[in-house]
Amino acid sequence: MILSLVFFSFSFAFYILTALLYLGNWVFQKKWLGQLATSMAVVALFSTTMILIMRAGESGHAPFSNLYESMVLFVWATNLGYLMMEYKYKFKTAGAFVMSFEFLAMLSATMLPYRYKSVEPLNPALQNKWHWMVDLFSRFGLEKYAIGWLDFHVFTTFIGYAAFAISFGLAIMFLLKNRYETRGRNNALIGSLPEARMIDELSYRAIAWGFPFLAVGIVTGAIWANSAWGAYWTWDPKETWSLITWFIYAAYLHARVTRGWRGRKAAYLSIAGFLAVIFLYWGVSFVLPGLHAYA
Amino acid sequence: MQEKVNEVAVTRSERVWYQTVGSKVWYFFNSLTLTIFVLMTLAGSSIFGTVIEQNQQASQYFAAYGEKWTRVILYTGLNDMYHSWWFAALLGVLTMNIIVCTFERFPPKWKGLLANKSPEKFEPRIIDKCSYHQTLNCPGDVKEVRERVLAAFKKKRFKVSSSSREGGHYFYARKGVIGRFGSDVVHISLLLILLGAMVGSYYGYKDFRIVYVGTNMTVPETDFEVRLDKFWIDYYDTGQIRQYNSLLTVIEGEEEVLTKQIWVNEPLFYKGIRFYQSSFGNAWDRINSANMVLVSKKTRMAEGSEFTVGWNEVKQIPGSRYSIRLAGYTADFAYDERNNTVFSQTAEANNPAISVEVYEGERLVSTPWLFLKYPGIFPAIPDSEYDLVFTDYRGILYSGISLNKDPGTNIVWLGTGVMGLGFILAFFVFHRRVWVYVRENGGSTEVKLGGLTNKNNFVLEKDIKEIVENINAG
């Protein structure tokens, strides 16, 4: 019995349930449905955390070393980011979008071919640990649990991805809402979404979180590459695509903050940015050859 | 009116041509449209470099894209696009764009934010124009309410300056002004990173060496050499490679200065040069030792047992009058008829062959090539009842070591550090400004507040809400 798989199955069920509850809350506007949805999202978050912890225990290293593990990390970070946003800004309709997306992400993780899922020992390039941490932990015989730039790199990058995913969900919501607002039509479902202005602002806030995290992810990746590959930047396809994505979001921020390019155009740019993220994450791994082929 | 036009015309004509051009260039770079255009162009064009494999032979592009497109690729430099002139030019435009925009925007921003401090300079009606504003009526007299307002802002860690005139009290409270400069800090950090990259590409180099145990590698532009003392591979229990390691010794003149074990992720750094464990492999032109056996030409049966000869070693073949020296090896045997030489087609051991010298007593009788996969295709010893068969060998591993000199790296790291600081300022420090007007209003006190922020309206709204609660609570 592999515990991480048990937790995966549970989490999968939890995300279906969470998505349904948020959708139900949106459609029927019942307070108890909303509360239940949020608690279910917390349960799903806990369960996803357990997948990662169990996986780390089974493989003996931080659970960031293949596509399957990174998908779970992505789902985890998106869920956490969403819950933080819900707590801060108190609105739940976005949950219907974000959690449906989480369900799709979990589904695609289950459909990955076996070689992207199996627990593998770390190959030489992935063995990157901070010396000071190894030294510190080895005093207690825990040096196995020391982490390094690689783990930091993957972690920050995925927080960035999660923020972009949330922004993407909000951008779609915005477009829906905006369409109805500008045409002056009324629809109970769309009407229950928050004001377009607020969705727009939140979509921007999500990118404002994701952008620096992606930058830190790129930089820590460069630091790692500088000790593993012999140079901090080698124009490997993954590196290049991360830069492409970063340029798109940089354009978004400049367009928005300084020229007041808000609303619809901003939403389209956010969607374009997220398409680049998807290609950066999946496309590069499957389509393009390069050093990042393992994740 | 006519006069004015003439005046303008005169000042225009008084400008020397290069001033006109200069101001046009300046105007061109002082544009956010340009920023967005360059960013999107960089993003769009970079895609080509990930789809078209970089730095390949022209023949490979020819095979993949045909003649016409190969010509296009080579002409536009898409085969090495990140080092092409036009990619550099785009980065140059971005750099100029950043520099000009910073010069143009930073000073007025600085001045504006400093000048804005004075509470004497605003009229109560500007409060109503703020994106977030509110008017409260508080019980109590003006003086008491004024103190409450001050305390409420202090509690939220706002800086407050105040003044009183015409029976009213004016406050200007602000917080997080430094966040305004985050974007400038990020822009400067980008310049630093680009500078570091440029320094690296002008004063640095990359090199790759195949090194055998016991040999030295020369290091360009330095006065030291590096010797490979040992190379080994660690395995997991499952047989997968865990790590590969080289033991390197730095030799300066005659002196051994330093010995360090390197592995993937753990380079040696000495005098500005980094030595990376980047690969390993089987040598294609030498081996450690070869196993052979003497056979009878007639029966093809072994005469005596298998024996091992070390590289370059001369050995008496047990139970015979011959001795043998192992003189050469090639992993993938090929023969070049034009200049009568033997070479290895690939680095893989597809057709391993050894070259030996066979002696009878002191006399060299033959120098045959023996093939592992094709025993006996050429008789090894002419005019003899015996033949030699090559049965096995022990290869030599080489250590593939990358050399990298990049004096720009530290500038790049400095740039990334500055960038981190800039991001914290730009995204997580919000500049909030609140103007307050307090006056007597028929027995009670009227407080008008209005706030502006550069970014996060929610944070400002929350701040003001709490401040209002504090004022009301007294």
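The values are calculated or read from the model by the stated rules, or taken from the named source; none is laboratory data. Small disclaimer: the values here were computed from a predicted structure and weren't measured. Note: ideal-geometry Cβ built from the backbone for every residue, glycine included; neighbour counts use all protein chains shown. When the accessible area is computed, the model is the full protein with side chains, heavy atoms only, and any ligands, DNA or RNA have been set aside. Shrake-Rupley method; radii C 1.70, N 1.55, O 1.52, S 1.80 Å.
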**Message:** Taking just the alpha carbons, could you work out the radius of gyration and Dmax for the stretch B:358-412, both in angstroms?
**Reply:** 23.2, 73
**Item:** At least 50 Å² accessible surface lost relative to isolated chain, residues of the stretch A:208-239 (1.4 Å probe)
**Value:** A:P212, A:V219, A:N226, A:S227, A:G230, A:Y232, A:W235
**Fill in**
Over all pairs of different Cα atoms in the stretch B:319-358, the reciprocal of the mean inverse distance gives a Kirkwood radius in Å of 11.4 Å
**Item:** Compactness index (Cα Rg / 2.2 N^0.38 Å), the stretch B:125-283
**Value:** 2.20
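With a cut-off of 8 Å between alpha carbons and a minimum separation of six or more residues, what is the relative contact order of chain B in percent?
21 percent
Could you pull out the pairs from A:K30/B:K455; A:K90/A:K177; A:K92/A:K177; B:K109/B:K175; A:K92/B:K159 whose alpha carbons sit more than 26 Å apart here?
A:K30/B:K455; A:K92/B:K159
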**Asked** GluC sites (Glu not before Pro), restricted to the stretch B:91-169: which are DSSP loop and have at most 13 other Cβ atoms within 10 Å?
**Response** B:E166
**All-pairs alpha carbon distance profile, the stretch A:1-121, 5 Å steps from 0, percent** = 2, 12, 23, 23, 16, 11, 7, 4, 1, 0
**Complete:** Listed by chain and number, the residues whose amide H is under 5 Å from that of B:N456, excluding neighbours fewer than 5 places away on the same chain and using placed H, are none
**Complete:** One finds the C-alpha centres of the stretch A:121-148 and the stretch A:1-67 to be spaced, in Å, by 29 Å
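So, for the stretch A:89-179, what is the accessible surface per residue at a probe of 1.4 Å, expressed in square angstrom?
Values: 4120 Å² over 91 residues.
For the stretch A:89-179, the solvent-accessible area averages 45 Å² per residue.
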**Complete:** Longest principal axis of chain B (C-alpha) makes with the long axis of helix B:142-155 (C-alpha) an angle, in degrees to the nearest 10, of 0 degrees
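So which GluC sites (Glu not before Pro) in the stretch A:6-98 end up in coil per DSSP with only 12 or fewer other C-beta atoms within 10 Å?
Numbers: sites: A:E58, A:E69, A:E86; in loops: none.
Answer by residue number: there is no such site.
Determine the calculated [θ] at 222 nm for the protein assembly as shown from helices alone, applying -39500 (n - 2.57) to every DSSP H run no shorter than 4 residues and normalising by the residue count; nearest 500 deg cm²/dmol.
Details: 21 runs with 386 residues, N = 769.
The helix-only estimate for the protein assembly as shown comes to -17000 deg cm²/dmol at 222 nm.
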**Request:** Please list the radius of gyration and Dmax for chain B, considering alpha-carbon atoms only, with Å as the unit.
**Result:** 39.6, 131
**Request:** Rank these residues by their accessible area, most exposed first, probe 1.4 Å: B:D128, B:D184.
**Result:** B:D128, B:D184
**Two-decimal ratio, the stretch B:284-390, of alpha-carbon radius of gyration to 2.2 N^0.38 Å** = 1.04
**Prompt:** Taking a probe of 1.4 angstrom, what is the accessible area of B:S131 in Å², to the nearest 10?
**Reply:** 80 Å²
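Protein chains only, probe 1.4 Å: how do B:V438, A:V27, B:V142 rank by accessible area, largest first? Intermediate values should be presented prior to the final figure.
Values: B:V438 0, A:V27 80, B:V142 20 Å².
From most exposed to least exposed: A:V27, B:V142, B:V438.
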**Request:** Please determine, in degrees from 0 to 90 and to the nearest 10, the orientation of helix A:149-183 with respect to the longest principal axis defined by the Cα atoms of chain A, where the helix direction is its Cα long axis.
**Result:** 10 degrees
**Message:** Taking loop as defined by DSSP and a crowding limit of 11 other beta carbons within 10 Å, which trypsin sites (Lys or Arg not before Pro) in the stretch A:153-255 fit?
**Reply:** A:R185
**Asked** Can you pull the percent of Cα pairs in the stretch B:31-111 with separation above 21 Å?
**Response** 43 percent
**Item:** Between helix A:3-28 and chain A: long-axis angle, C-alpha atoms, 0 to 90°, nearest 10
**Value:** 10 degrees
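Could you tell me whether chain A comes out rounded, prolate or oblate from its Cα gyration tensor? Rule is a ≥ b ≥ c as square roots of the eigenvalues, rounded for a/c under 1.5, then prolate if a/b exceeds b/c, otherwise oblate. Could you put the intermediate results ahead of the total?
Details: a/c = 2.20, a/b = 1.41, b/c = 1.56.
Note, shape of chain A comes out oblate.
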**Exposure of B:K315 as accessible area (Å², to 10), given a probe of 1.4 Å and all protein chains** = 70 Å²
**Complete:** quick shape note, the protein assembly as shown: Cα extents on principal axes in Å, largest first -> 130, 79, 56
**Prompt:** How much accessible surface area, in Å² rounded to 10, belongs to the heavy atoms of B:K462 with a 1.4 Å probe?
**Reply:** 130 Å²
**Counting all C-alpha pairs of the stretch B:222-299, share separated by more than 20 Å (%)** = 52 percent
